[in-house]
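Below: the structure, in structure tokens.
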Amino acid sequence: MTLLDHIPDAHQWRIEIIATDIAEKILERAREGVYSQLEVQRGLPVQQLVKYFDKHPQGFQVKPSIRRMVSFQQLNLFDPFARLGQFDVIFCRNVLIYFNTAAKADILNRMSRQLASDGYLILGAAETVLGLTEAYARTPCCKSAVYTLSGKPSGKLPVSSLN
């Protein structure tokens, strides 16, 4: 939704979105894309609700055209994930907080090998790579924890879309 809102010709791009979780139940709920009134009121702008959701008996459902943009796959972050390919952006928000230091370092280092050389890693605001790996450099641009690979130039990220 954010891509479509900020990049008018996004439909002409080859965009692949892979959403992962360890729990199949969570993935099934995400595939359905049904959210209660309370859930959609927790940070979703009204403009996006009107534009990208249909009314549903249980609240609101993400329009099929948006749901088709996402591939949902079960993934345990302790398992190899090289099979997923290379990414321009990796969102790993609010999951690392559940792991010990060694596991965090391992996951972050393996993610760095899947991130394009000019790609971005976006973590939750309470998460960091500091003291875990030197594979990334912080990009001071917005409220999120945004990192690039160490030694790689940054600056192409549309900052306003992440605030």
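The values are calculated or read from the model by the stated rules, or taken from the named source; none is laboratory data. Predicted, not measured: the structure shown is a model, and the values here were computed from it. Here Cβ is always computed from backbone atoms with ideal geometry, including for glycine, and neighbour counts include all displayed protein chains. SASA here: full protein model, heavy atoms, side chains in, ligands and nucleic acids out. Shrake-Rupley method; radii C 1.70, N 1.55, O 1.52, S 1.80 Å.
If Gly85 satisfies every condition in (1) among the small types (Gly, Ala, Ser); (2) farther than 15 Å from Ile18 by Cα; (3) out of contact with any strand residue (DSSP E or B) (no Cβ under 7 Å at 6 or more places or on another chain) but one, which is the exception?
(2)
For the list (1) in contact with a strand residue (DSSP E or B) (Cβ under 7 Å, 6 or more places away or on another chain); (2) open to solvent by 40 Å² or more (accessible area, probe 1.4 Å), I need the number of the one condition that Ala116 fails.
(2)
Restricting to segment 32-68, name every residue that is in a loop (DSSP other than H, G, I, E, B) and open to solvent by less than 50 Å² (accessible area, probe 1.4 Å).
Within segment 32-68, Gly33, Ser36, Leu44 qualify.
Tally the residues that are open to solvent by 70 Å² or more (accessible area, probe 1.4 Å), closer than 19 Å to Ala126 by Cβ and assigned to a loop (DSSP other than H, G, I, E, B), restricting the search to segment 69-103.
Going through segment 69-103 one residue at a time, the tally reaches 3.
Among the residues of segment 22-31, are any more than 26 Å from Ala126 (Cα to Cα), part of a helix (DSSP H, G or I) and modelled with pLDDT under 95?
Checking segment 22-31: not a single residue is more than 26 Å from Ala126 (Cα to Cα), part of a helix (DSSP H, G or I) and modelled with pLDDT under 95.
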